[in-house]
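The values are calculated or read from the model by the stated rules, or taken from the named source; none is laboratory data. Predicted model, so just to flag it, every value in this text is computed and none were measured. We place every Cβ from the backbone using ideal geometry, glycine too, and count neighbours over all the protein chains shown. All accessible areas refer to the heavy atoms of the entire protein, side chains included, with ligands and DNA or RNA removed. Shrake-Rupley method; radii C 1.70, N 1.55, O 1.52, S 1.80 Å.
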Amino acid sequence: MKSIRLTYKRFVIYTSSFATVIALISIFGWMINFDTLTSAVSGYLPMKFNTAVCITLLGIALLLRPRNNQSKRDIIKILSLLVVGFATITLLQYIFINFKVDDILEKASGRINPITALFLIVIGLAIFFNCTIKERCKHVMQYLLNLVTIVCGVILIAYLFNVPQFYMFNFITAMPFCTALALLALSSATTILNPSYGVVGLFTGKMVGNYMARKLSIKMFFSILLLGYLHNLDHRYDWVSPGLGSVLLTVSFMAITLIFIWESCTAINKLEYKKNIARENFRLGVESSPYALILSDANEKIIHANIQTEKLYGYTIQELAGQSLQLIIPEKYLALYYEKKQDNTKVVSLGIEEDIFAVRKDGTEFPVELVLTPVKTTEGAVVMVSVFDISLRKRHEKIIRTQVIELQVKNQELENLTYIASHDLQEPLRTVSNYITLLEEDYPDRITGEIKEHLGTMQAATNRMSLLIRSLLDYGKLGRNRILGPTNCNDVVTNVVSDLNNLITSSKATITIATELPTIYAYETELRLLFQNLVNNAIKFRKKDAVPRITIGCRKLNGFYEFYVSDNGIGISCKDKDVIFHIFKRAKTEEEYEGHGIGLANCKKIADIHGGKIWVEPGAESGSTFKFTILNFKA
Ligand code: ADP
């Protein structure tokens, strides 16, 4: 489309430049009194000085496109009105009195020919109206312009065939050759400003007829012109006898016509062939579609249905043809369609936000999704209905929903069990611990040596077990009364760093926040615990001979926030990288690193409740990088 517009624009520029150049040469000819320049062809009538000025003004007006610039538009209007005014006064002079307007410009060249003046008025007005929005005026002017083009064409042919009657018009003066040429160029350029209007529309349209008109017109025009010219020469120089001349003309004309008919038929057949292939492909597409496709007319009568419709609804295609569309879409849903469609071009989908059911021939209902597409055909506007049977999807959705609910209940039960179990375990443990203390207090003489040592070990074991149970209890409690809210991660990390101040100072650790940390929707207390565990571990599992360097950062990724806590510590072997997130599992159990293997299990649970996950990668500085994601609840 853009290239076609560009072609029209170029046409306007070339033809109006051509007319302007002819007129300027003529003006120059008048100035230096050189006849050949004023008449273009030696011996022909010269273009009047006044005409040349008017043509130059109109040529400039046409060259001043584009018209979306207001000041340029104003200049175009002024130039065209100047020419219209001058040509109108000239015409009036012929009818009424002499206003001596011709003398203003150039005495020597005389008054503009009345036909030329008329044509200048038409072209001037057409250019003027083209700058306004009056569509009706544009249409009228377009037909008048076509007339100017045709008359100028006839005059040029008359010059070519040397038939003065056609350019003399029995008026006061004849239209000069170069004037006719320039006016033809100007009128064609002005016509192309509105390519779809008037006779030009026949050549600029997009239909097959327009394509044929474009393809044939120029060839036919020049062939007939050549034949006519040869016949004219024959007539003038008596090459062959008049009878033979007429026969030759007739035969040549018939031959040319035959060639063009042949060419047109081949082109039309080719187009027809392409159209048939496209139609067949469309038919195949419709028939092999996995969806039921139904065409219905404006009166809701089914025109056609594909094989899938038969399978889905149980009706044969013959049974469906001519039936009401309500057989496919029950009445209440059809009403919904009319509610949703605002105009005849809108595609409407039903069954996405609401539940829609269609009815089979045997009366059973099934859930569907419908898409109704307006389609233009030669028989008028029709609607193509696509029906998707979503029974299977609905069944799966139901299964998933029940399973999710079951899973939620089971999870809740499990959490309660862990909580209750660990809570109840504390009690007997406390009793054992109390009795050990009692024994030591009540029998200080007897609790000595090996017995005291054993009781000490028992006490340490009960303390450790109590700690483990407390950890389990905390793990169970995690996220119980969670509140999701906007959480500023910068604040969270700053608080964690301040809480761990003693550890950081004693280990001389440096903590760098590498990127701006976002404010996210999260469970603040849990998120804080997550950062605390990771930073704590990063310091705890440091190398003996290195100062801990920790980097924290974040980036947005596919609907998630991805955080990382990186260190230069002892690192984690590949075989341990998954197991360390399990409760009470540790990679390093040596005494040198204290711990119970609960911290990362907590971190994993916290990442889980945020819809994310946690994992560890080897760090850039031989340490490790812990990464976790948090669902961007606002995305
Ligand atoms: P704990 O720290 O109590 O051992 P965690 O669950 O926090 O328990 O960690 C589990 C194990 O993961 C640790 O014992 C340790 O082996 C390993 N680990 C955790 N963080 C790091 C780290 N930053 N560098 C190296 N190893 C780590």
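Listing for the model above:
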quantity: F253 vs. criteria open to solvent by 90 Å² or more (accessible area, probe 1.4 Å) and more than 30 Å from S349 (Cβ to Cβ); calculated: yes
quantity: Test for F531: is it more than 8 Å from the ligand (Cβ to nearest atom), open to solvent by less than 20 Å² (accessible area, probe 1.4 Å) and not in a strand (DSSP E or B); calculated: yes
quantity: Hits in the range 218-250 (condition: open to solvent by 40 Å² or more (accessible area, probe 1.4 Å) and of a type in the set (G, A, S)); calculated: S241, G243, S246
quantity: Test set (1) touching a residue at least 24 places away in the same chain (Cβ under 8 Å); (2) part of a helix (DSSP H, G or I); (3) open to solvent by 70 Å² or more (accessible area, probe 1.4 Å) - N495 fails condition number; calculated: (3)
quantity: Meets criteria (more than 9 Å from the ligand (Cβ to nearest atom), hydrophobic (A, V, I, L, M, F, W, C) and either closer than 26 Å to A514 by Cα or assigned by TED's automatic domain parsing to the domain that holds S507 (or both)) for L557; calculated: yes
quantity: Any hit, the range 382-403, residues being of a type outside the set (F, W, Y), free of Cβ contacts under 8 Å to residues at least 60 places away in the same chain and farther than 30 Å from Y333 by Cβ; calculated: yes
quantity: Failed item in (1) touching a residue at least 12 places away in the same chain (Cβ under 8 Å); (2) more than 27 Å from F119 (Cα to Cα), with K206 passing the rest; calculated: (1)
quantity: Which listed residue is in a loop (DSSP other than H, G, I, E, B), within 16 Å of the ligand (Cβ to nearest atom), open to solvent by 80 Å² or more (accessible area, probe 1.4 Å) and out of contact with any helix residue (DSSP H, G or I) (no Cβ under 9 Å at 6 or more places or on another chain), from K544, K585, K575; calculated: K544
quantity: Top-ranked residue of the range 611-622 - restricted to ones that are modelled with pLDDT of 90 or more and surrounded by 16 or more Cβ atoms within 10 Å (Cβ to Cβ), ranked as nearest to the ligand (Cβ to nearest atom); calculated: V616
